[in-house]
Amino acid sequence: MKKLLLSLLFIVLFASITLADAPFHIGIMTGTVSQQEDELRGAERLIEEYGRVSDGGMISHVTSPDNPDAEIETTISQITAWADDPLMKAIVVQTSISGTTEGFRRVRELRPDILLFAGSPQEDPAMIAGVADLVMQNDNISRGYLLILGAKKLGADTFVHISFPRHMSYELLSRRRDIMMETCKDFGIEFVNLGAPDPRSDVGVAGAQQYLLEKVPAWIEEYGQKAAFFTTNDALEEPLIRQVATFGGLYVEGDYASPTMGYPGALGVKFEEADKGNWPNIVKKVEEKVIEAGAAGRMGCWAFSYPYCIAAGLGEHAKRIIEGKSELLDKTDIIDALGVYSPGAGWNASYYIDADDVVRKNFMLVYQDTYIFGRGYLNQTSEVIPEKYYDKNIGKK
Amino acid sequence: MRKQIIIRTALVTALILIGIFLYVIGKEHKVVIDNRDISIGDITYSASTTYVVWVDNQEIGVIKKGERNAAIVTGVSHKIVVEEIKSNVLTGEKHEKRFRLKTNESATVNIPAIINNANEWIDKTN
Amino acid sequence: MESKEKYLLRMEHVSKDFYGTKVLKNINISVKSGEIIGLVGENGAGKSTLMNILFGNPIIHETGGFEGKIIFDGKEVNFASPFDAINAGIGMVHQEFIFIPGFTAIENILLNKEPTRYSFFSEIFGDKLNVLNREEMKKRAIEAIKILGIELNPEIIVKEMPVGHKQFIEIAREIDRKLLKLLVLDEPTAVLTESEADIAMKAIKKLAAKGVSVIFISHRLQEILDSCDRIIVLKDGSVQKELIPSDTNPREVAEYMIGHELTKSIWKSKEIRKISETILEVNNLWVDMPGEQVNGASFKVNKGEIFGIGGLTGQGKLGIANGIMGLHPAEGEVKFKGKPIFLNNSKYVLEQGIAFVSEDRRGLGLILDQPIFKNITFTAMQIKDMFLKSLLGGLIKWSDDKAMFKITREYIDALQIKCESEKQLVRELSGGNQQKLCMAKVFVLQPELIFVSEPTRGIDVGAKSLVLDTLCEYNRKYGITIIMASSELVELRAICERIAIVDEGRISGILPPTAELVEFGLLMLGIKSKKRETIGK
Amino acid sequence: MRKKSLTKTMNPSVLFLINYAVPIIFIILIAFAIPLSGLSGLYFIRELMIRLSRNSFLILALLIPVMAGMGMNFSIVLGAMAGEIGLIFITDWQIVGISGMLLAILISTPIAVLLGYFAGIVLNRAKGREMVTGFMLAFFMNGIYQLFVLFGMGNIIPISNSSILLPRGYGIRNTINLLGIRQVLDKLIPLKIGDILIPVATFLVIATLCVFITWFRKTKLGQDMRTVGQDNEVARVSGINVENTRVLSIVISTVLACYGQILFLQNIGTMNTYQSHEQVGVFAIAALLVGGASVAKANIPNVFIGVILFHTMFVVAPRAGKALMGQAQLGEYFRVFVSYGVIAFSLALYAWRKRVEKENERKKIMNYRKSILAK
């Protein structure tokens, strides 16, 4: 009975809502809190700015299924549903889980006028780039060079790369490692390739983290205070950060370079409700702890979470295009839009080059400037990356 | 009993044949279309203008001189049509060629060669 | 030589043993075409083994085949499976219904012999993809039903039919076989009303008149006498006697079946006690125990006596105890010490002071993977809160191991249970000792009345008498009333003061242990004696 | 306490409510959820049309084992895997269009037959526990499938297409683009009413399957399956090869599931190599149960009612949850809860119903005996 009344109440509420005021709508799909909190905050940021469709605003936000690979159908229909809104002009999906491509295809069939933006595709990049107007991904190729460059700027003489076979079977990750090796060689930095247990194997996350907690001090001992550490796995970042902060060594940035990744757990940073999505505050709090731990100038990250920026930035970019203020594939416009939600942090972007050497102009690879706690930005985004590091066959003689 | 064996054998054979048939008519081939200079034997045909290309009545797009584009075609026999375009206006000068592709074959066609009716306008590779 | 030709079936010198135990000894049976043979015998006389041999039941081959030969329709046969037998023209109607309740009568009558129509797919995938020919099916079903001479709508789903008609479905199914030469009917009339049984018997006679031979197995002696051409009495695995109904009487058949008695009585006790106080009164008890239905049994048990329940297997003697104890759904009126007791509630019945030594020792009686002392005390702990120490007015309870050990040791000594210690696992004990344990478990409850079902089943001879002696001893010493159900008339007659015989789920009569053996036999065979009238109601 | 009388349930309207408890609950839930979700009618119809066209076939594949008394066949997942293997091959060979789809069907049929045969044999060993065994079997076969696709393909079985091959040279990528056969069947016979595309050809295929199932019930094999389904022992005694019949029912179901999965994926347009089949069994079974079927009885209307109700729930739940609680996730959790819950609930309900029926049957026989013996 209670349920019935509650439902009735909501129906009444619905009816009382006046028609939307916004001239057009933008749909945004993100993971749930349990999947990816940062991008959800990105969507919330947009809502804060432009209002919810149900309140007469511009943004329509939905979350994707928690088990996307098994529930493609849900993802597809969630996306397709937007095509029915005559005011819908753009759809942003971050993270582009399985089903995004097909959802986009269906929207395209029904409504060719809707802009389709995909952030961080988990499906085949070439496949989604064939449908979406704009695909955006973390630029792991450029970062292969930049991470080493960053380490050099911090005075590193050794670069320690920690990973495991499963990750190394991913094309982009192993290619990034090869680029790192090549760069190290050119910079005269010693490259050390170390293994760690796979957190998805029988040892589990806890076991893998324990392994790093025990090993890192010894590695710092072995490779010295000027060794920069890097791991390809998110779960391993926390123990790595903790031990580097305590025992010394360098840490340019994580693979998933967000201040909320690793640092809070490793250094015991406490956030409050008000901090959610407030990156300057988050960075400030982390920075205090880093300095407290005596690691000022040794450790860094991206000052603004990447999925947050993509989710909000793509939404902003879409809005500007619809309003006629931006060009769809204009690099500067895109970087400008990203910058709205990451004031002070520099961005850079490049095009994705596919297996056939065709430049995909709607596939943008982006990276943010590195922020070193207790020191400031490294100005990575203004560096020019030599062409040779983009060679696909790098590291393979 | 024997009748059944015959019918079953016939059915399996038919299914295999249908499979092969489906393979042939459903097979995709990549056709690369070049608007580039080409030397066939002693003669060199040079690319000079921009063309619009249709393969199997499907518009592939505008190919400027020196550029290359690709089409994906299905089945065995195909048709390619090129038409010159000048300052975004079709000139009406059409050239049409037909070709067949065996299974597993892909092809590279050259527009200058087509225009000049050269024999070796198409290069089929396995 | 000449006379042999007329026989449809001849079983010559058929013998069979199961792991050294002879169950059939040199059986010779002949059946003429169109003859109805009545086959009677006690449980274990060998009827079912004989039929299994005839049908080529795999169990016969698995246990080493049989000796002797079977000549059917002029050829020596040894069927590898019942289906071979069916194909040769032998049909069987079983006691329990074998049909699909959710199917119509037509579908059931033609089960797995449905006429089909050609379909193209059968060329590829085999005959199974031919389509059923419904019209033909209906025609054939109606034909078969017509022979039976009953009114039956073949389109009705069997589940919704009157129960009496269900048995006809099976008979009709056999009738439908064009090939049918010999029909074996195993207790076909058990669930039929008298008028229905009459119809069935008429149909069978009609069938016989058409030349089909019939082997009719029944324990309803009157039916056999009324409709068979010849009666064959089996006893202890051999043919005891062949009789012609017109030349015999029920008493004679029963005597051949049960056997003569050499000594007058095996009654162990010197005197039959005169006890008049009724402890248990059962009126119109119905129990739905599969294979052991009780259909309105009524009897009274006197305080302190040993009351026996006998009868053929499947007639319901085990159902009575199981029903009253709430192990199977029961209806009816049961008074214990003059007070009505509720049925279908085991715990309640136990609390009233009635206990049960089940025939299913391993399934219901004992927990095999638990030690002896736990088995003995478990029920008492549950029902009577015995062997429990309690604290805070019963809020917290735990088991009193000392008391448990003490009582266990007492019973081990009293019943001479052979074991290493009271902590030994029950699984490791012999059958006889397990049976004693079951009794000890019940005695611990200090009941006023005990039901004991098949107490000597599956235990060796020495242990048997020990078990019976123990029962007698507890009866005499503590005045416990015992109601013992057993298939062994001998043991019933050895210790019981009164013996009720159950037939078709009802008490057909109550006899003293000193009564003649044939009297028991007649009761078992459903021959109404005067005694039934006097004791029944 | 004294008597557990269940005769009340004989009341026809009560019996109806019990028999159709699941669909009734769903209709009530949906009646509330639809207005809450605020989705447009057009979207709704279109979505339902798509889901009917892509899911019905898979669910129809469940009917035959139910007929043969094997319960809900969780091993249709095996059929789905077979279908996916066929699709991998045609994608590798770059066979597109309707011929690609037909070729995929042709290739995957023998694989599905083999897998179905295997599943049938395993399920025969686990009589009475078919459902849970099928569930486990699906897990087990998923492992084999992964081994085959992740290591076998490219190593043992030549795969040349780099767009589906992992960069390391063997193993298939996580997602496969089925652009070549995407919606080829759905759009084979184009019909558009307003903004709604009607997949005529797909519905024709589904209708054909319905006809086939109806016809199949009338064949000797169908009758055998019904017999086996009703009573194994009676079937055996009357000479039906029970084991064989059961295996055949699973084989047919597996092959149909294989086609169903191909049909499903041609609509979806992308294939999740390692996970597309994972939930096939659970969702199909849940939908069928929602349609009012039970473990022992399922017919064609159950399938369509099931797809409509279950998938309507799928479509509206996330948005209704969001409207109600302000969080889309809650609708999401609710949906997951519902799909598994419905299976558990139907199974419990079925067991209970069976007990009631048995009790009634027993009562009937007892009363009959009373009546004849009272004379």
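The values are calculated or read from the model by the stated rules, or taken from the named source; none is laboratory data. Owing to the predicted nature of the structure, the values given are computational and were not obtained by experimental measurement. Methodologically, a virtual Cβ is constructed for each residue, glycine included, from the backbone with ideal geometry; neighbour enumeration extends over all protein chains shown. Note: areas computed on protein heavy atoms with side chains; ligands, DNA, RNA excluded. Shrake-Rupley method; radii C 1.70, N 1.55, O 1.52, S 1.80 Å.
Scanning region C:16-35 for residues that are outside any strand (DSSP E or B) and of a type outside the set (Ser, Thr, Tyr) yields C:20, C:34, C:35. Out of D:344, D:317, D:374, one residue alone is at pLDDT 80 or above and not basic (Lys, Arg). It is D:344. Residues that are surrounded by fewer than 24 Cβ atoms within 10 Å (Cβ to Cβ) and assigned to a helix (DSSP H, G or I) do occur in region D:275-286. For residue B:62, state whether it is within 14 Å of chain D (Cβ to nearest Cβ) and in a strand (DSSP E or B). The answer is no for residue B:62. Looking across region B:1-39, the residues that are more than 12 Å from chain D (Cβ to nearest Cβ) and in contact (Cβ under 8 Å) with a residue 60 or more places away in the chain come down to B:31, B:32, B:33, B:34, B:35, B:36, B:37, B:38. Among strands (runs of 3 or more DSSP E) entirely within region C:292-340, having at least 1 residues that are within 14 Å of another protein chain (Cβ to nearest Cβ) and open to solvent by 10 Å² or more (accessible area, probe 1.4 Å) singles out C:294-302, C:330-336. Within region D:163-182, the residues that satisfy the criterion of being of a type in the set (Ser, Thr, Tyr) and open to solvent by 40 Å² or more (accessible area, probe 1.4 Å) are D:163, D:170. Right, residue A:162: buried (at least 19 other Cβ atoms within 10 Å of the Cβ) and farther than 27 Å from residue D:170 by Cβ or not? So residue A:162 does not fit the description; no. Whenever a residue of region C:358-387 is assigned by TED's automatic domain parsing to the domain that holds residue C:404, it has no partner that is among the polar types (S, T, N, Q) and open to solvent by 70 Å² or more (accessible area, probe 1.4 Å) lying with C-beta atoms less than 7 angstrom away and at least six residues away or across chains. Could you tell me whether residue C:224 is modelled with pLDDT under 90 and either in a strand (DSSP E or B) or buried (at least 23 other Cβ atoms within 10 Å of the Cβ) (or both)? It is true that residue C:224 is modelled with pLDDT under 90 and either in a strand (DSSP E or B) or buried (at least 23 other Cβ atoms within 10 Å of the Cβ) (or both). Among the residues of region C:72-82, are any within 26 Å of residue D:232 (Cα to Cα) and within 12 Å of another protein chain (Cβ to nearest Cβ)? There is at least one residue in region C:72-82 that is within 26 Å of residue D:232 (Cα to Cα) and within 12 Å of another protein chain (Cβ to nearest Cβ).
Taken together, the criteria exclude residue A:163 from residues that are among the polar types (S, T, N, Q), modelled with pLDDT under 90 and assigned by TED's automatic domain parsing to the domain that holds residue A:220.
Total residues in region A:283-335 satisfying the condition of being assigned to a loop (DSSP other than H, G, I, E, B), open to solvent by 40 Å² or more (accessible area, probe 1.4 Å) and not assigned by TED's automatic domain parsing to the domain that holds residue A:151: the figure is 7. State which residue is nearest to residue A:84 (Cα to Cα) when the search covers only region D:198-232 and only residues that are open to solvent by 10 Å² or more (accessible area, probe 1.4 Å) and facing another protein chain (nearest Cβ under 8 Å). Result: D:215.
The listed residues are C:218, C:213, and the only one of them that is outside the structural domain of residue C:154 (by TED's automatic domain parsing) and within 26 Å of residue C:101 (Cβ to Cβ) turns out to be C:218. So which of C:68, C:41 ends up being more than 25 Å from residue C:209 (Cβ to Cβ) and surrounded by fewer than 16 Cβ atoms within 10 Å (Cβ to Cβ)? Within the list C:68, C:41, the selection yields C:68.
Name the single residue that is surrounded by the fewest Cβ atoms within 10 Å (Cβ to Cβ) among those in region A:336-351 being free of Cβ contacts under 8 Å to residues at least 60 places away in the same chain and in a strand (DSSP E or B). Taking the candidates together, the pick is A:351. Could you count how many residues in region C:118-149 are more than 7 Å from every other protein chain (Cβ to nearest Cβ), within 22 Å of residue C:87 (Cα to Cα) and outside any helix (DSSP H, G or I)? Total satisfying the criteria: 2. Residue count for region C:341-376, restricted to those that are in a loop (DSSP other than H, G, I, E, B), out of contact with any helix residue (DSSP H, G or I) (no Cβ under 8 Å at 6 or more places or on another chain) and either closer than 22 Å to residue C:412 by Cβ or among the aromatic types (Phe, Trp, Tyr) (or both): 0.
Residues of region D:30-81 that are within 8 Å of chain A (Cβ to nearest Cβ), touching a residue at least 60 places away in the same chain (Cβ under 8 Å) and either farther than 25 Å from residue D:269 by Cα or part of a loop (DSSP other than H, G, I, E, B) (or both): D:32, D:36, D:38, D:39. For region C:84-108, filtered to residues that are in contact with a Lys or Arg (Cβ under 6 Å, 6 or more places away or on another chain) and among the hydrophobic types (A, V, I, L, M, F, W, C), the residue that is nearest to the other protein chains (Cβ to nearest Cβ) is C:97. Against the conditions (1) open to solvent by less than 20 Å² (accessible area, probe 1.4 Å); (2) closer than 14 Å to residue A:73 by Cβ, residue D:52 satisfies every one except (1).
Only one entry in C:400, C:460, C:413 is more than 22 Å from residue C:496 (Cα to Cα) and exposed (fewer than 15 other Cβ atoms within 10 Å of the Cβ), namely C:413. Of all residues in region D:181-196, those being within 12 Å of chain A (Cβ to nearest Cβ) and modelled with pLDDT of 85 or more number 5. The residue that is surrounded by the fewest Cβ atoms within 10 Å (Cβ to Cβ), among those in region C:177-207 that are in a loop (DSSP other than H, G, I, E, B) and within 14 Å of chain D (Cβ to nearest Cβ), is C:179.
Run down B:71, B:107, B:118 and say which single residue is farther than 17 Å from residue D:94 by Cα and in contact with a strand residue (DSSP E or B) (Cβ under 8 Å, 6 or more places away or on another chain). From the options B:71, B:107, B:118, the qualifying one is B:118. Residues in region C:150-176 that are touching a residue at least 40 places away in the same chain (Cβ under 8 Å), surrounded by fewer than 19 Cβ atoms within 10 Å (Cβ to Cβ) and assigned to a helix (DSSP H, G or I): C:159 alone.
Within region B:65-92, the set of residues being open to solvent by 80 Å² or more (accessible area, probe 1.4 Å), in a strand (DSSP E or B) and of a type in the set (D, E, K, R) comprises B:68, B:86.
Looking at region D:77-86, can you tell me whether even one residue there is in contact with a strand residue (DSSP E or B) (Cβ under 7 Å, 6 or more places away or on another chain) and either surrounded by 24 or more Cβ atoms within 10 Å (Cβ to Cβ) or farther than 30 Å from residue B:73 by Cα (or both)? Within region D:77-86 (the criterion being in contact with a strand residue (DSSP E or B) (Cβ under 7 Å, 6 or more places away or on another chain) and either surrounded by 24 or more Cβ atoms within 10 Å (Cβ to Cβ) or farther than 30 Å from residue B:73 by Cα (or both)), the answer is yes, since at least one residue qualifies.
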